[in-house]
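Right, one structure below, let's go through it.
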Amino acid sequence: MPTILITGSNRGLGLEWCRQYVQAGWRVLATCRFPAEAKALQQLKKENNALTLHRLDVTDHDQIHTLAKELADHPIDLLINNAGVYFEKYVRPDQTTDYGAWAHTFSVNSIGAMRVSRAFLDHLRRSQKRLIVAITSHMGSIAEIENPGSYFYRSSKAALNAAMKGFSLELKPLQIGVLLLHPGWVRTQMGGPDGLLSPQESVENMRNRVDTFTLADSGRFLRYDGHEIPW
Ligand code: NDP
């Protein structure tokens, strides 16, 4: 049975990745910071015994390595680094810059994905699909910056892109792929109610990118519909 591990799976896009892969017959290792509070995930688990729920804060090095050990027997075909924060949605740029919030944004959005990916490399190496996906954003594209603002988020996703691009080169000889995907503007807590896509549409599209992925695509920065985004 192919296996997927997803970070930040209690709501939004993470929850939708879980729903769709459970339905597709995969083993789903759903992770989130507070499993006891993750009501929608608990319900999904009740309905499907192929889903297991695990505690994981992507900024917590010890928690990540403990989980990697606990899951040592599970090859992981697909790792979705989905967890993310966008504090500036709530803090307007004209307010004093909260450098602590900026550092935390980096810790989750950039370093978190790298910490989790490195910890699960051995699980990936033992699988069939061998693919790491980083959910990034077109806002991480430096080429597309046309307005000021969103400094924490933009820089954290640009850093994620740079790190994952390099990582893709490191992992190619191990036959492990890395794909950077922009999900589109999606109606989640982060995207807000005016987003252009539902989580279902976004994840269905991103799954097509996953399904058609070959190692030749490793290190690419793609929109949900396959369009290449400039760095
Ligand atoms: P949501 O705000 O709905 O969900 C964010 C998820 O990340 C939550 O599950 C949250 O968990 C989790 N998370 C936050 N911090 C941590 C942490 N330290 N450890 C583990 N999990 C954490 O946003 P989306 O579903 O929209 O976002 C998913 C991804 O898609 C993000 O990486 C985002 O940047 C990206 N994206 C989204 C877009 C959109 O329009 N929605 C556009 C472009 C990119 P908790 O509930 O515990 O806080």
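For the criterion of being farther than 27 Å from Ala216 by Cβ, over 14 Å from the mean Cα position of the chain (by Cα) and open to solvent by less than 20 Å² (accessible area, probe 1.4 Å), Ala50 fails.
Just one of (1) closer than 24 Å to Pro193 by Cα; (2) within 8 Å of the ligand (Cβ to nearest atom); (3) of a type outside the set (Val, Ile, Thr); (4) over 14 Å from the mean Cα position of the chain (by Cα) fails for Ser9. It is (4).
Would you check which residues across the range 98-119 are out of contact with any Gly (no Cβ under 7 Å at 6 or more places or on another chain) and buried (at least 21 other Cβ atoms within 10 Å of the Cβ) and list them?
Of everything in the range 98-119, those that are out of contact with any Gly (no Cβ under 7 Å at 6 or more places or on another chain) and buried (at least 21 other Cβ atoms within 10 Å of the Cβ) turn out to be Thr105, Ser110, Gly112, Ala113, Val116, Ser117.
The single condition among (1) of a type in the set (Val, Ile, Thr); (2) more than 21 Å from Gln189 (Cβ to Cβ); (3) in contact with a strand residue (DSSP E or B) (Cβ under 8 Å, 6 or more places away or on another chain) that Thr136 does not meet is (2). Filtered by the rule that a residue be in contact with a strand residue (DSSP E or B) (Cβ under 8 Å, 6 or more places away or on another chain) and either surrounded by fewer than 21 Cβ atoms within 10 Å (Cβ to Cβ) or not in a helix (DSSP H, G or I) (or both), the range 168-190 gives Ile176, Gly177, Val178, Leu179, Leu180, Leu181, His182, Pro183, Gly184, Trp185, Val186, Arg187. Residues that are of a type in the set (Val, Ile, Thr) and in contact (Cβ under 8 Å) with a residue 12 or more places away in the chain within the range 135-153 comprise Ile135, Thr136, Ile142, listed in sequence order.
Tell me which residues, restricted to the range 154-173, are touching a helix residue (DSSP H, G or I) at 6+ places or on another chain (Cβ under 6 Å), more than 13 Å from Arg220 (Cα to Cα) and in contact (Cβ under 8 Å) with a residue 40 or more places away in the chain.
Ser156, Lys157, Ala159
No other residue among Asp194, Asp211, Asp217 is more than 23 Å from Val108 (Cβ to Cβ) and open to solvent by less than 40 Å² (accessible area, probe 1.4 Å) apart from Asp217. Looking at the structure I just gave you, is Asp73 among the charged types (D, E, K, R), open to solvent by less than 60 Å² (accessible area, probe 1.4 Å) and either in contact with an Asp or Glu (Cβ under 9 Å, 6 or more places away or on another chain) or without any contact (Cβ under 8 Å) to a residue 40 or more places away in the chain (or both)? So Asp73 fails the test.
The values are calculated or read from the model by the stated rules, or taken from the named source; none is laboratory data. Quick caveat, the model's predicted, so the values are computed rather than measured. Methodologically, a virtual Cβ is constructed for each residue, glycine included, from the backbone with ideal geometry; neighbour enumeration extends over all protein chains shown. We work out accessible area using only protein heavy atoms, side chains counted, and drop any ligands, DNA or RNA first. Shrake-Rupley method; radii C 1.70, N 1.55, O 1.52, S 1.80 Å.
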